[in-house]
1. Would segment 215-234 turn up any residue that is farther than 30 Å from GLU90 by Cα, of a type in the set (Gly, Ala, Ser) and surrounded by 12 or more Cβ atoms within 10 Å (Cβ to Cβ)?
2. From the residues in segment 183-212 that are among the basic types (Lys, Arg) and assigned to a helix (DSSP H, G or I), which one is nearest to the chain's Cα centre (by Cα)?
3. Tally the residues that are farther than 22 Å from LYS53 by Cβ and of a type in the set (S, T, N, Q), restricting the search to segment 274-321.
4. In segment 233-281, what residues are within 25 Å of ASP35 (Cα to Cα), touching a Gly at 6+ places or on another chain (Cβ under 7 Å) and not aliphatic (A, V, I, L, M)?
5. From the list LEU63, LEU4, which one is at negative phi and touching a Ser or Thr at 6+ places or on another chain (Cβ under 8 Å)?
6. Out of the residues in segment 92-114 that are in contact (Cβ under 8 Å) with a residue 24 or more places away in the chain, farther than 16 Å from LYS299 by Cβ and surrounded by 16 or more Cβ atoms within 10 Å (Cβ to Cβ), state the one that is farthest from the chain's Cα centre (by Cα).
7. For VAL231, state whether it is assigned to a loop (DSSP other than H, G, I, E, B), β-branched (Val, Ile, Thr) and within 26 Å of CYS291 (Cβ to Cβ).
8. What are the pairs with Cβ atoms under 6 angstrom where one residue, in segment 211-223, is within 16 Å of MET326 (Cβ to Cβ) and basic (Lys, Arg) and the other, located anywhere, is surrounded by 10 or more Cβ atoms within 10 Å (Cβ to Cβ) and modelled with pLDDT of 95 or more? Sequence gap at least six, or different chains.
Amino acid sequence: MHYLTIDKEEWDKALEQLLVSYRIIASMENEFGQDYEEVRPGNISGITYNKPKPATPLKTFFLPVRENVSGEDFPEKPIIIIGVPNCDIEGASLLDEIYLNGEFNDPFYRKRRENTIIIGSDCFGIQEHCHCLSYNIKPWSVSGADLAVIRIGDKVIFRVISKKGEDLMMSVIHIQPLTDTSVTETIEKEHGITESLLKESNKGLPDYIRTGLLVRDAKEEIWKKYASTCVSCGACTTACPTCTCFLLIDKPGFEKVRQTDACQYPGFERVAGGEDGLFELPKRFRNRYMCKYVWKPQKFNAIACTGCGRCIEACIGKISKNKLFMELA
């Protein structure tokens with residue numbers, strides 16, 4: 001890996017030129033918060049750099065909430081996504097294991113992944129529920145993405161991660177190697193500050209492996225306690241960067257529609273005979289934690305929770321899984 005740099009003004013001009021060949025989506029702030037928006041010449045200056053984190057998980061760009069899988073309909077323009085936090089990039093590792101499996105390869109997912117250039121964003125600072133470091137995930141990317149972007153003053157710096165990312169940068173006029181060591185020292189200092197904030201904010205939170213053991217052995221009482229305010233809305237799974245359950249719906253004309261599903265919905269496990277192993281809310285509630293911390297680690301190398309904290313932020317019932325885990329610990 002190495003660093004490249006460009007003036008912010010020149011980078012904005014380069015983005016406008018890239019819009020000719022690419023569809024560009026970037027993290028931006030508005031009156032509702034921070035999320036991804038389509039980049040146009042008029043809003044390039046509003047792109048957010050190094051601030052965690054967009055409300056929408058990265059998975060939405062590869063696994064739409066609803067899509068017709070009867071035929072192929074892919075966008076012609078390749079896509080650039082700017083400002084992806086490393087918790088989402090790590091989450092994509094699990095999606096890749098599931099959907100790019102050699103035996104069961106998903107052509108729709110694969111095509112979107114190949115058609116997308118991911119530009120990660122080093123997190124300088126944290127949000128209230130960020131806890132990536134507790135699960136041994138750094139708040140900046142060194143793999144998984146194609147590039148990582150850092151803005152320092154009037155300079156934009158790129159950490160080159162993949163050949164695809166390097167090729168994109170070589171097409172940008174005025175890009176040049178970063179030779180100022182004081183800039184890399186500043187980046188490393190910001191990384192250290194962010195790590196310190198994460199450690200201080202999550203004292204007492206068990207790591208991913210220990211959490212799995214705690215969840216596996218937890219008694220029924222704690223699931224009843226924390227499920228008491230759950231309204232089965234599914235917001236936690238929708239906002240999660242690694243939850244990907246779906247329904248395959250048959251429609252007239254041999255049309256098949258893949259639609260996002262969630263284990264927190266009533267009837268998720270109901271079968272044709274009417275039996276439903278997850279009919280009771282506490283059992284349904286526990287199922288999600290067992291899936292993330294016990295069952296997924298048995299099947300995949302990538303972890304199923306990357307510490308983004310979106311499930312806590314999205315919960316209508318104000319349920320904090322981190323409080324649950326610290327109580328278990």
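The values are calculated or read from the model by the stated rules, or taken from the named source; none is laboratory data. Only a predicted model underlies this, so the values are computations on that prediction, with no experimental measurement involved. Using ideal geometry, Cβ is built from the backbone for each residue, glycine included, and neighbour counts are taken over all protein chains shown.
1. So far as segment 215-234 goes, yes, one or more of its residues are farther than 30 Å from GLU90 by Cα, of a type in the set (Gly, Ala, Ser) and surrounded by 12 or more Cβ atoms within 10 Å (Cβ to Cβ).
2. Here the residue is LYS199.
3. Here the count works out to 3.
4. PRO241, THR242, GLN264
5. LEU63
6. PHE108
7. Spelling it out, VAL231 is indeed assigned to a loop (DSSP other than H, G, I, E, B), β-branched (Val, Ile, Thr) and within 26 Å of CYS291 (Cβ to Cβ).
8. Taking only residues 6 or more apart or on different chains, not a single pair turns up.
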